[in-house]
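All remarks here apply to the structure that follows.
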Amino acid sequence: MGLYKYKAAAKGEKAREVLIEADSRHEADDKLRASRLTPIEFLGDASEEKKSAFSFKQSKIDTYDLTRQLSPLLDAYIPLERALGIIAEGAQEPEQKDFVNSLRRGLHEGKTFSELVRSQGKLFPSYYANLIESGEETGCLPESVRQLYKFMGESKELKDFIVSSSIYPLAILSVTVIVSILLFTVFVPRFAKIFQDMGRSMPPSMQFLLGVSSFASYAWWLIPLLLIGTWLILQKSMGKEALSLKVSQLLLKIPVFGRILSDLEMCRYIRTLAILIGNHVEIIKTVRIAGKIIRNPVIADSFSHVDRKLKSGEKLSAAFAGNAFLPSGTVPMLRVGEESGTVGEMMGGIASRLENDTREKIKRLLSLFEPCIIIFLAVIVLIVVVSIFIAMMEINSISQGGPKL
């Protein structure tokens, strides 16, 4: 869904900039007219403006920190504009301070907070503006921001857990790579020079190691070049979308790893459903917003029909029935939630259970990864040591004048 910018005016009012979220320019025009605004000028696709503004400089704008500070201020019944002013005063980074002040200026211009969030493109999560909008419409903005802070905090906690859990295995992998490079680029060539100085032909084992050493020293760049070239050829012949779909399918088929990937997607998806349903966002709009959270095209495609089933009168549990990516027990629990009117709470419980299960799976995968790396390093060292040992035996036989008759 794109973000379209217009210059429009209501009857008897001055023209102002308006942002419309829609799937197409035609739909945006219809939404603009439905809101009784007359379009004066189309100012372009706001989401494309954000893309063109991409740079390698990392942004210091922290939307999670903004939400963290905003939640208690709104709970204390401080007006939104004043709350943003307090946050701007305490901001340490100039970029963060300017960002918060720009939101505050937007409120002074008569824009709603949800409009200002949408105008930031990808800076805020896709569900953020819709949840803020539901809070504005129901008069429960503090509750909506509190839920956003909780949701973003849980997502950040899961991401930090994955990063921190990966540090030790990555350190082991780095040491393995460095030791392997040193063996084949420093130690093996120096040992092979002994044979060359003696004018003797090298044993087959040393010839193999020296070949690997020469490749590692002078032709290593062929590997990334080959990978990039293969990727570009496949991309051109299959198309970006088809290639992305194929890669996603292959990743999901990897034992253990594929299940973890799908569970991580489901954690975000179900948690988003829980928070939007809990804040009384319309159900069809909810599943569309949550669907954008899913990054894997294979999984996203499996949920693409849900809104159509809901439009035809089916319940959410029936629309989810038969989906292989949902954790077991989701549909029966959701059915109970629909009967008791606690769908949001039930989805939140499912998301929490799935997040805990995913953490355990990640721990097990990393626990398996560490010995595999150590065994890989041991095999490489063993091959080098055995090859050198055989060569040393040959040198020893040469120094003794060969075998005696």
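The values are calculated or read from the model by the stated rules, or taken from the named source; none is laboratory data. Predicted model only: the values in this text are computed from it and were never measured. Note that we place each Cβ from the backbone using ideal geometry, even for glycine, and neighbour counts take in every protein chain shown.
Quick rundown of the values:
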{"read-out": "From the options E115, E81, residue that is surrounded by 12 or more Cβ atoms within 10 Å (Cβ to Cβ), under 30 Å from I294 (Cβ atoms) and of a type in the set (D, E, K, R)", "value": "E115"}
{"read-out": "Filter result for L70 (modelled with pLDDT of 90 or more and either among the hydroxyl-bearing types (S, T, Y) or in a helix (DSSP H, G or I) (or both))", "value": "yes"}
{"read-out": "Residue count for region 120-168, restricted to those that are acidic (D, E) and closer than 16 Å to L84 by Cβ", "value": "1"}
{"read-out": "Where a residue in region 381-392 is within 16 Å of T185 (Cβ to Cβ) and its partner, wherever it lies, is assigned to a helix (DSSP H, G or I) and small (G, A, S), with Cβ under 7 Å and at least six apart", "value": "S387/S205"}
{"read-out": "Among the candidates M206, M202, residue that is part of a loop (DSSP other than H, G, I, E, B) and at pLDDT below 75", "value": "M202"}
{"read-out": "Residues (surrounded by fewer than 23 Cβ atoms within 10 Å (Cβ to Cβ), over 19 Å from the mean Cα position of the chain (by Cα) and hydrophobic (A, V, I, L, M, F, W, C)) located in region 239-276", "value": "A242"}
{"read-out": "Qualifying residues in region 10-40 (those that are among the small types (G, A, S), modelled with pLDDT of 75 or more and farther than 22 Å from Q120 by Cα) - the one surrounded by the fewest Cβ atoms within 10 Å (Cβ to Cβ)", "value": "A34"}
{"read-out": "Residue count for region 185-244, restricted to those that are among the polar types (S, T, N, Q) and closer than 18 Å to V381 by Cβ", "value": "3"}
{"read-out": "Condition met for I223 (under 19 Å from the mean Cα position of the chain (by Cα) and either among the hydrophobic types (A, V, I, L, M, F, W, C) or surrounded by fewer than 11 Cβ atoms within 10 Å (Cβ to Cβ) (or both))", "value": "no"}
{"read-out": "Selected residue (criterion: surrounded by the fewest Cβ atoms within 10 Å (Cβ to Cβ)) from residues of region 314-365 that are of a type in the set (D, E) and assigned to a helix (DSSP H, G or I)", "value": "E360"}
{"read-out": "Test set (1) over 21 Å from E136 (Cβ atoms); (2) at pLDDT below 90; (3) more than 16 Å from the chain's Cα centre (by Cα) - I293 fails condition number", "value": "(3)"}
{"read-out": "Residue pairs meeting the criteria (Cβ under 7 Å; at least 6 apart or on separate chains; first closer than 18 Å to S155 by Cα, in region 112-141; second of a type in the set (D, E, K, R) and buried (at least 21 other Cβ atoms within 10 Å of the Cβ))", "value": "A129/R118"}
{"read-out": "Qualifying position, being surrounded by fewer than 15 Cβ atoms within 10 Å (Cβ to Cβ) and in contact with a Lys or Arg (Cβ under 9 Å, 6 or more places away or on another chain), among G153, G139", "value": "G153"}
{"read-out": "Total residues in region 192-226, condition in contact (Cβ under 8 Å) with a residue 12 or more places away in the chain and touching a Ser or Thr at 6+ places or on another chain (Cβ under 9 Å)", "value": "10"}
{"read-out": "Qualifying residue in region 253-267 (condition: farther than 30 Å from Y149 by Cα, in a helix (DSSP H, G or I) and out of contact with any Asp or Glu (no Cβ under 6 Å at 6 or more places or on another chain))", "value": "yes"}
{"read-out": "Which listed residue is assigned to a helix (DSSP H, G or I) and at pLDDT 85 or above, from I162, I167, I181", "value": "I167"}
